[in-house]
Amino acid sequence: MNQDQNDNDDDDDDRSSLLNRMPHCTSFCPNIHFNGHCHCSVLSSMLSTKQDDQSIDIRIECRHTNASILMTDIENLASCNSTINLLELSVKDSNLTHLYNLPSGLYNVQKMFLDNTGIDLETIRESQELLKSLRVLRISNENFTEIQRNLFNGMEELKELSLNKLGMAYINIEAFVSLQDSLTLLELRSNKIRTVPTAVQSLSHLECLDLSGNDIKSVTDGNTGIFSSGLRRLKRLGINTMNCSCEFGKSKFATWLRTHGIKGVQCAMPERFLDKDVSNTAIEEFCEPWPNSNVRIESNLKQPKVIMFDISGTVARESFVEKILQPYFKIAYQVYMDNAWNKQEWQDCLRQLSIVAERDMKAPKIELTKEKSDIIKEATKYIEYCLENNHEPKAFVMFRFLVWFDGYERNKIKTPVYSDVAVTMKRWKMDQNIRLYVLSNGWKEASKKFMSDTSHGDLNAIIDGHFDNSLGSLENVETYIKVANLIQEKPGGDQILFLTKSPQEGKAAQNAGFNVILVLTRTHAVDEAMEICQDIPIARSFTDIEFI
């Protein structure tokens, strides 16, 4: 064997030795898991190849791992006399807080994913030259309040950039200048951005921009200018759903979406446009008149002292309970039973569940003298029995509220309030000094919780009080008289305005001396309402309601 061959064998031995002693990657068979933390795989080539020009391309994916050891191993890859290329790195739920420089072993990396690592942006800035081969960079669940200029200098090959769930509120106008000729996808989801960032204007090759889940309430004409002047290749835009009123349909933003066929922007209101793509909707559709010519808002409605409203179907989507609350309960109630075991309200409710189960001949029983795990199993069987049989005794209903309330407290649930409702309510309260009350068929404590964490923040801050049907049926005149007495306003005149989706409730409130407007978004609901009460005005949304 000649010396060259010996050198080649030594190189392969060094390479094999390094791979075999990496704490995270003790073998290089594809798709093998190591130590329960890291997953290493070969992207191309095979370790057994003995050719000088043959390289090994690898991927490392780690979670809950020792970051310092991992980074040391990556550094060793670069210093080893071998052709091992780390092309993809994914690190999740691992502490990179004290990492000041990325290891030189990343010099060939093309895709990098960092999720909940605590990495500092300066670490990325200091490694710009090292990351010059990067094609995809995805960072999420970190704490970056702002993106400064020149952060991505040296990454001129970057095609896809995702900066999601970072708490980011500010982006420097020159943050993306170095990416203007390369970047095709930019995600800035679920941050704290309040307006369309001017920095995106330089991205002339961008095809997809996602700004959804931010604090962007509307898109102004100036924002539209940012899109139209720079993003000539844009095909898809993700942003919060819009209130697709006639005014919106005529806006420069909607016109730009239609003219350029930009997909992705959807309507939230009115409900007949729910989830409809704006780019496919003509102005005439947004501005078409109501099917019944009698549907209108009185132009001489005086400003009231008090406005009352229900939640479901008036302030929030009527499907909120069915599509959000009920599915959440089904996946969360068992976890709640365990996590809330020592809470008094859960123990009280558990005793009531045991009592009602005992009274039901067909129901599974809950024996409270058993061990915790056994009690939870029996309680789970009883809840499943109630769900399967559509059986809702008071104890079950209370348990469901406990699970929902826990979901709100842990930020697992938000009430999807119509955007026009939140804006209009704040104007009524702050600018016009109108008192606001919830009058609901549901339990008032639930109404309070539902309004405490909405898609537009804590609306209880502007709500003066909550009432429910413990005062009586909302279809009875006497109930409204009781409510008027409680808020110290006399029914009659223009003191109190009641907003509801129910014609029956509206008629009762009207007979008690309240002004009433039916807030309806669906054509069939309008037709049904007109058969019951033709003398009550109807609005599509809160923005239709104006006072003299």
For the range 124-142, which residues satisfy the criterion of being at pLDDT 85 or above, more than 24 Å from the chain's Cα centre (by Cα) and surrounded by 17 or more Cβ atoms within 10 Å (Cβ to Cβ)?
-> I124, L131, L134
Is there a residue in the range 424-442 that is hydrophobic (A, V, I, L, M, F, W, C) and under 30 Å from L353 (Cβ atoms)?
-> yes
Count of residues meeting criterion [surrounded by 21 or more Cβ atoms within 10 Å (Cβ to Cβ) and either at pLDDT below 90 or closer than 19 Å to P327 by Cα (or both)] in the range 421-439 | 1
Given the residues I383, I413, I376, which is the only one that is of a type in the set (V, I, T), assigned to a loop (DSSP other than H, G, I, E, B) and under 24 Å from W341 (Cα atoms)?
-> I413
Scan the range 151-176 and report the pairs whose first residue is among the polar types (S, T, N, Q) and whose second residue is part of a strand (DSSP E or B), with Cβ atoms within less than 6 Å and a gap of 6+ or a chain change.
-> S162/R138; S162/E187; N164/S140; N164/E187
Starting from the range 446-469, keep only residues that are acidic (D, E), then list their pairs with residues that are assigned to a strand (DSSP E or B) whose Cβ atoms are within a distance under 6 Å, requiring at least 6 positions of separation or different chains.
-> D464/R435; D464/L436; D464/Y437
Pair list, Cβ under 9 Å, 6 or more apart: the range 191-216 residue among the acidic types (D, E) and at pLDDT below 90, other residue surrounded by fewer than 18 Cβ atoms within 10 Å (Cβ to Cβ) and part of a loop (DSSP other than H, G, I, E, B) | D215/A169; D215/K192; D215/R194; D215/T195
Do we have any residue at all in the range 420-435 that's under 30 Å from R351 (Cα atoms) and among the hydroxyl-bearing types (S, T, Y)?
-> no
Number of the condition not met by G407 [criteria: (1) modelled with pLDDT of 95 or more; (2) closer than 27 Å to S452 by Cβ] | (1)
Listed residues M398, M361; which is surrounded by fewer than 13 Cβ atoms within 10 Å (Cβ to Cβ) and outside the structural domain of K482 (by TED's automatic domain parsing)?
-> M361
What is the one condition in (1) buried (at least 17 other Cβ atoms within 10 Å of the Cβ); (2) modelled with pLDDT under 90; (3) among the hydroxyl-bearing types (S, T, Y) that T145 does not satisfy?
-> (1)
Could you tell me which of the residues T220, T255 is within 25 Å of A422 (Cβ to Cβ) and either touching an Asp or Glu at 6+ places or on another chain (Cβ under 9 Å) or surrounded by fewer than 21 Cβ atoms within 10 Å (Cβ to Cβ) (or both)?
-> T220
Checked the range 351-375 for anything at pLDDT below 95 and under 34 Å from the mean Cα position of the chain (by Cα); matches are S373
Is it true that Q334 is touching a helix residue (DSSP H, G or I) at 6+ places or on another chain (Cβ under 7 Å), surrounded by fewer than 17 Cβ atoms within 10 Å (Cβ to Cβ) and modelled with pLDDT of 90 or more?
-> yes
Identify the single condition in (1) surrounded by fewer than 21 Cβ atoms within 10 Å (Cβ to Cβ); (2) touching a Leu at 6+ places or on another chain (Cβ under 7 Å) that G167 does not satisfy, given that it satisfies every other one.
-> (2)
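Yes or no, residue by residue, for (1) surrounded by 14 or more Cβ atoms within 10 Å (Cβ to Cβ); (2) at pLDDT below 80; (3) over 32 Å from the mean Cα position of the chain (by Cα):
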| residue | (1), (2), (3) |
| --- | --- |
| G472 | yes, no, yes |
| I496 | yes, no, yes |
| T500 | yes, no, no |
| P503 | yes, no, yes |
| N515 | yes, no, yes |
| T521 | yes, yes, no |
| A525 | yes, yes, no |
| M530 | yes, yes, yes |
| R540 | yes, yes, no |
Count, please, the residues in the range 203-239 that happen to be among the β-branched types (V, I, T), over 14 Å from I171 (Cβ atoms) and part of a loop (DSSP other than H, G, I, E, B).
-> 3
State all residues of the range 487-508 that are out of contact with any strand residue (DSSP E or B) (no Cβ under 7 Å at 6 or more places or on another chain) and closer than 25 Å to K449 by Cβ; if no residue qualifies, say none.
-> S502, E505
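The values are calculated or read from the model by the stated rules, or taken from the named source; none is laboratory data. Every value quoted in this text rests on a predicted model; they were computed, and no experiment measured them. Backbone-built Cβ (ideal geometry, glycine too); neighbour counts: all protein chains shown.
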